[in-house]
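Here is the structure we will look at, set down as structure tokens.
The values are calculated or read from the model by the stated rules, or taken from the named source; none is laboratory data. Computed from a predicted structure; not experimentally measured. Positions of Cβ are backbone-derived with ideal geometry, glycine not excepted, and every protein chain shown enters the neighbour counts.
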Amino acid sequence: MIDPVSLFLLLVGPAIGSFLGVLLDRLPRGENVVRRRSFCRTCKTNLRVRDLIPLVSFALNKGHCRHCGTSIPPWAFYLEIGALGAAIFAVIAAATPVEAVFSAVFLWLLLGLAFADALWMRLPDPLTATLLCWVLGWAYVSPVQELSLAVMGAALGACSFLLLRIAYRMLRGREGLGLGDVKLMAGLGAFAGPFDLPLLVLAASLSGLLWALVCLRSKPGLSTKAIPFGTMLCFAAGLLWLARASALLI
Ligand SMILES: [Zn+2]
């Protein structure tokens, strides 16, 4: 029998994905996320409730605006599916409803940040700051997490990436690592802790290499395109979360 908290997380998952889609659409443009109603970017029509039902509206309208027929970018739909998937994973892996809430919000934040970097090469401050606060807050209240290790991991993650950023700029004379990655590493470092942090960065680097190889193979002209390393870091953090969750389940 599923507990009410888990049921709530599963029901609210696609709506969280939908909200992340609005955040990712508006934050990089500097638009207000809360006050402005949802609207079609082509015909400017305000969307109604039937246009905004997560998963259902996109499928019913076959990925097009109901008013002007313009196709809607599929990533908004992928976010809704991804957020539901994250909720399912969190509920299955958690031993208690509180743990399920922590894991679900953590995975939703990773999802939003991964998409933001892949789409815009940006890691919005509100998301990186929430991630850090959420992980530190969890380490403070959780009986199985050490707050001191989380703080150490956050400092180590952010400082090492800041040094890397400065060193790259001095050696190459241009920016190689964004400040957003440094802020992201504070939250991810807090989650990984100082001992698992090198593993997380290694997994992200290998994923980046794989990404570059796939890009080069499919479109040879993309060799100079920057790799969204924040996406790789979030992916690696998701893998670390999965590894820890599976170790607990076994
Ligand atoms: Zn439209």
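When ALA87, ALA118 are screened for being surrounded by 16 or more Cβ atoms within 10 Å (Cβ to Cβ), in contact (Cβ under 8 Å) with a residue 60 or more places away in the chain, of a type outside the set (Ser, Thr, Tyr) and not assigned by TED's automatic domain parsing to the domain that holds ILE2, only ALA118 passes.
Restrict the check to segment 123-134 and report whether at least one residue is more than 23 Å from VAL34 (Cβ to Cβ) and either assigned by TED's automatic domain parsing to the domain that holds ALA204 or within 16 Å of the ligand (Cβ to nearest atom) (or both). No.
Close Cβ contacts (under 6 Å, 6 or more residues apart or on different chains) running from residues in segment 35-46 that are of a type in the set (A, V, I, L, M, F, W, C) to residues that are more than 10 Å from the ligand (Cβ to nearest atom) comprise PHE39/ASN46. In segment 4-20, the qualifying residues are those that are buried (at least 18 other Cβ atoms within 10 Å of the Cβ) and among the aliphatic types (A, V, I, L, M), and the one that is nearest to the ligand (Cβ to nearest atom) is LEU20.
Suppose the filter is of a type outside the set (A, V, I, L, M), within 22 Å of GLY13 (Cβ to Cβ) and either free of Cβ contacts under 8 Å to residues at least 12 places away in the same chain or away from the ligand (no atom under 16 Å from the Cβ) (or both); does PHE102 pass it?
Spelling it out, PHE102 is indeed of a type outside the set (A, V, I, L, M), within 22 Å of GLY13 (Cβ to Cβ) and either free of Cβ contacts under 8 Å to residues at least 12 places away in the same chain or away from the ligand (no atom under 16 Å from the Cβ) (or both).
I'd like to know if segment 88-97 contains one or more residues that are of a type outside the set (Val, Ile, Thr) and at pLDDT 95 or above.
yes
Flag not set for LEU23, criterion: surrounded by 19 or more Cβ atoms within 10 Å (Cβ to Cβ) and either in the same structural domain as ALA236 (by TED's automatic domain parsing) or not in a loop (DSSP other than H, G, I, E, B) (or both).
Within segment 48-67, the set of residues being of a type in the set (A, V, I, L, M) and under 23 Å from the mean Cα position of the chain (by Cα) comprises LEU52, ILE53, LEU55, VAL56.
A count restricted to segment 165-181 and to residues that are within 17 Å of PRO228 (Cβ to Cβ), among the charged types (D, E, K, R) and not in a helix (DSSP H, G or I) stands at 1.
Residues that are closer than 16 Å to ILE16 by Cα and in a helix (DSSP H, G or I) were ranked within segment 52-74; the one that is farthest from the ligand (Cβ to nearest atom) is VAL56. When the residues of segment 29-47 are filtered to those that are outside any loop (DSSP other than H, G, I, E, B) and over 23 Å from the mean Cα position of the chain (by Cα), the one that is farthest from the ligand (Cβ to nearest atom) is ASN46.
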